[in-house]
Amino acid sequence: QVQLVESGGGLVQAGGSLRLSCAASGGTFSNYAVGWFRQAPGKEREFVAAISWTGAVTHYENSMKGRFTISRDNAKNTVYLQMNSLKPEDTAVYYCAATKTFIEIEVSKYDYWGQGTQVTVSS
């Protein structure tokens, strides 16, 4: 069993930056690919980015490319999401999730989820 805890969310003005963290415990973290998802009020949870077990492979939703960067530090059991040039439409609860398969973009492919962290971008 893997437990995931997100942190780093908050209120930021448009154009600003935030770095989210996803800290893992209870398993061999380097055995899991990790994804970030987000869910805005009234909308379905959507894929943001994912990273492979070693961090060698990453994948982004198209609208996040160039603005968001996913990375991981397996020694610290942590995955990060650096978010730059934030827009009001990035406002959502951001979740990290872990899977023993490779990089996945579908919510159903992930086995473990954190509780989420709120990101609010003001205009």
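The values are calculated or read from the model by the stated rules, or taken from the named source; none is laboratory data. Since the model is a prediction, treat every value here as computed from it, not as a measurement. Here Cβ is always computed from backbone atoms with ideal geometry, including for glycine, and neighbour counts include all displayed protein chains. Ligands, DNA and RNA are excluded from the accessible area calculation, which covers all protein heavy atoms including side chains. Shrake-Rupley method; radii C 1.70, N 1.55, O 1.52, S 1.80 Å.
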Quick one: compute the contact order of the chain, relative version, from alpha carbon pairs under 8 angstrom and 6+ residues apart, as a percent. 37
With each label point set 7 Å from Cα along the Cα-Cβ vector, what nm distance links Ile105 and Asn31? 2.8
Say the dipole of segment 38-109 comes from +1 at the beta carbon of Lys and Arg and -1 at that of Asp and Glu; which of Gln39, Ala92, Gly55 then lies farthest toward its positive end? Gly55
Using the charge dipole of the chain (Lys, Arg: +1 at Cβ; Asp, Glu: -1 at Cβ; taken about the Cα centre), state which of Gln82, Ile105, Ser123 has its Cα farthest towards the positive end. Gln82
Semi-axis lengths (Å, descending) of the ellipsoid that matches the C-alpha gyration tensor of the chain: 22, 14, 13
What list of ³J(HN,Hα) couplings, whole Hz, do you get for segment 86-97 from phi and the Karplus terms 6.51, -1.76, 1.60, once you set θ to phi - 60° and write x for glycine and proline? 5, 10, x, 6, 7, 4, 4, 8, 9, 10, 10, 8
Can you tell me the length gained on complete extension of the stretch Thr120 to Arg19, counting 0.36 nm per residue apart and subtracting the Cα distance? 35.1 nm
Sort 93-102, 5-14 for me by packing, meaning the mean count of neighbouring Cβ atoms within 10 Å per residue, highest on top. 93-102, 5-14
Arrange the peptides 81-90, 62-71, 30-39 so that the one whose residues have, on average, the most other Cβ atoms within 10 Å appears first. 30-39, 81-90, 62-71
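Mind checking the per residue accessible area of segment 1-60 for me, 1.4 Å probe, whole number of Å²?
It amounts to 49 Å² per residue over segment 1-60.
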What's the carbon and sulfur percent of segment 20-94's accessible surface, probe 1.4 angstrom, rounded to a whole number? 47
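Say R0 is 30 Å: what FRET efficiency, to the nearest 0.05, do Glu61 and Val5 get from their beta-carbon distance?
With R0 = 30 Å, the Cβ-Cβ based efficiency is 0.85.
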